[in-house]
1. For the chain, which span is the longest to avoid every loop-located (per DSSP) member of trypsin sites (Lys or Arg not before Pro) having at most 15 other Cβ atoms inside 10 Å?
2. Can you compute the FRET efficiency between Met45 and Leu91 using 1/(1 + (r/R0)^6), with r the Cβ-Cβ distance and R0 = 30 Å? Round to the nearest 0.05.
3. In region 2-167, what is the volume of the convex hull around the alpha carbon atoms, normalised per residue and reported in Å³?
4. Work through the residues other than Lys133 whose Cβ is under 12 Å from its Cβ and net out their charges, Lys, Arg +1 and Asp, Glu -1.
5. Would you please give the FRET efficiency between Glu76 and Lys55, computed as 1/(1 + (r/R0)^6) with r the Cβ-Cβ distance and R0 = 35 Å, to the nearest 0.05?
6. Which whole-number percent gives the relative contact order of the chain, counting Cα pairs below 8 Å spaced six or more residues apart?
7. Which parts of region 65-83 would a label at Ser146 reach, counting a residue when its backbone N lies under 12 Å from a point 7 Å out along Cα-to-Cβ?
8. What length, rounded to one decimal in nm, is gained on full extension from Thr37 through to Glu153, with 0.36 nm per residue of separation minus their alpha-carbon distance?
Amino acid sequence: MRKKRTLIHFALLTEAKPFIGSLKLHKISDGIYENDTLLLVVSGMGKVKTTAVLKAIFCEYAFEKAINIGIAGCSEPEVALGTLFCTNRELDDVPFASLQSFEKPVTCKENITTMLVDMEADTFLEIARLHVKDIFVFKIVSDYLSSTIPTKEFVTNLMQKNIKKIVQYV
């Protein structure tokens, strides 16, 4: 089994691109990038794709730390777009927010009991906890439960604005 210090997981390549450049990672195959200590994977959206990619990665690699990073819808419009949250632990410099994952995009507050929603963090946590103790889930508010898909440029800008704060945990 190959060892890397940190696994970084994204659902979308658009989310990952600023980190690939900033962390000086090189592509080793579709959706997989690395350097000496880091492995970054892009799974695609949803539980099924996340499960398949993470199970394969954890069969081949051992990690000290696992991080999920991505955009999330927010049920509270008073929270500014672009706000960064950690959703699985309390940190001194990143606020905490509750998160719930759904199979499909959520456009209505009715069935939501959390501030944030996404499509893969619950699955990421479930699988990562079987292999790693040090886990972080970072989400950036991209919308207020909108059915409109954010543009690639908008997502890239959200990631770039928060990259320094997230990278310190890598």
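Throughout, read-outs are computed from the coordinates displayed, never taken from laboratory work. Please read all numbers here as calculations on a predicted model, not as lab measurements. A quick note on method: Cβ atoms are made from the backbone with ideal geometry, for glycine too, and the neighbour counts reach across all protein chains shown.
1. The segment 25-88 is the longest one with no such site.
2. Calculated transfer efficiency: 0.70.
3. Spelled out: Cα convex hull of region 2-167, divided by residues, is 108 Å³.
4. On the way: positive: Lys65, Arg89, Arg129; negative: Glu64, Asp134.
In short, +1.
5. 0.55
6. Worked out over the chain, it gives 27 percent.
7. 73-74, 81-82
8. That works out to 38.9 nm of additional length.
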